[in-house]
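Asker: Take a look at this one; I'll ask things after.
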Ligand code: GLP
């Protein structure tokens, strides 16, 4: 079973996970981080700014989980923009070493294979940060995603589009498709760290940690991983 760590609040979770990442980078300057977007991982990135201040991070590598399809990469809410704004620039990482799936139409057909090959060439992800959607999705692997899936294009559910509408002017502006690492891709990372905060995530957390293993609860895939850590506040842990 996954290791569940209950912390007081999101800030404490950020500090805890950042400490783990700092240790990883201290061991290997070219550690490979699995980066997530959404609001959940932001306290981790915030804590890293303090804990890694003044360090040479030029060798650190990273792979984001997912990206919208059909959104200009320069749009402020593209995951390329978010990772640049929240991770690359404040931490001083080398943008050439930090990868985000390519959601541009022209290359979408091969984008999944190329991304898988890049992760493989890097030797795999050392520590994968994960959030979880209210419908249990990880990355953008919506309910029904195969546990063996690899990076590919998916259709976003209405629930996810509604959840993410807060980042856009209106729900009509939320893309309908995405490109996401598959559950099979995510499971290959050497350490999974899933964070969740608030009552709204309680059911998704319970399903992920204790629910049946089923493609309809994509988060339940973490039960197959030998080293998964779940960092939650009391509210998100309330249905465990
Ligand atoms: C988004 C992202 C996921 C994220 C999830 C939860 O759509 N694709 O990687 O974990 O939904 O988002 P939040 O952390 O904002 O609740």
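All of the numbers you see were taken from the coordinates with simple rules; none came from a lab. Since we're looking at a predicted model, the values are computed, not measured. Please note: Cβ atoms are built from the backbone with ideal geometry, for glycine as well, and neighbour counts cover all protein chains shown.
Asker: State the three equivalent ellipsoid semi-axes of the chain, derived from the C-alpha gyration tensor as the square roots of 5 times its eigenvalues, in descending order and whole Å.
Answerer: Semi-axes (√(5λ), whole Å): 23, 23, 18.
Asker: When the chain is fully extended, how far beyond the present Cα-Cα distance does residue 153 get from residue 240, taking 0.36 nm per residue of separation?
Answerer: Numbers: separation 87, 0.36 × 87 = 31.32 nm, distance 3.21 nm.
Between residue 153 and residue 240, full extension yields 28.1 nm more.
Asker: Can you put 154, 188 in order of Cβ neighbours within 10 angstrom, beginning with the fewest?
Answerer: Values: 154 21, 188 17.
Going from least to most buried by this count: 188, 154.
Asker: Continuing with the same structure: Considering only DSSP beta bridges with both partners in the chain, what is the antiparallel share in %, to the nearest 5?
Answerer: The answer is about 30 percent antiparallel.
Asker: Here's another thing I want to ask about it. Note the full-extension length gain between residue 146 and residue 27 as 0.36 nm times their separation in residues minus their Cα-Cα distance, in nm to one decimal.
Answerer: 39.4 nm
Asker: Please rank 135, 233, 173, fewest neighbouring Cβ atoms within 10 Å first, as an exposure proxy.
Answerer: The order, fewest Cβ neighbours first, is 173, 135, 233.
Asker: Pick out which of 228, 18, 29 has the largest mean-square fluctuation in a Gaussian network model of the chain, springs linking Cα atoms closer than 10 Å.
Answerer: In this elastic network of the chain, the residue with the biggest mean-square fluctuation among 228, 18, 29 is 29.
Asker: Cα centroids of the stretch 211-237 and the stretch 1-62: how far apart, whole angstrom?
Answerer: One Cα centre to the other: 19 Å.
Asker: Take the eigenvalues of the Cα gyration tensor for the stretch 136-240, scale each by 5, and report the square roots as semi-axes in whole Å, largest first. Mind dumping the intermediate values first?
Answerer: Working: eigenvalues 99, 68, 25 Å².
Sorted largest first and rounded, they come to 22, 18, 11 Å.
Asker: At a 10 Å Cβ-Cβ cut-off, how would you order 214, 180, fewest neighbours first? Provide the component values of the computation, followed by the final result.
Answerer: On the way: 214 14, 180 33.
So the ranking, lowest neighbour count to highest, is 214, 180.
Asker: Which residues in the stretch 124-160 have a backbone N closer than 19 Å to a point placed 7 Å from the Cα of residue 117 along the Cα-to-Cβ line?
Answerer: 124-125, 150-153
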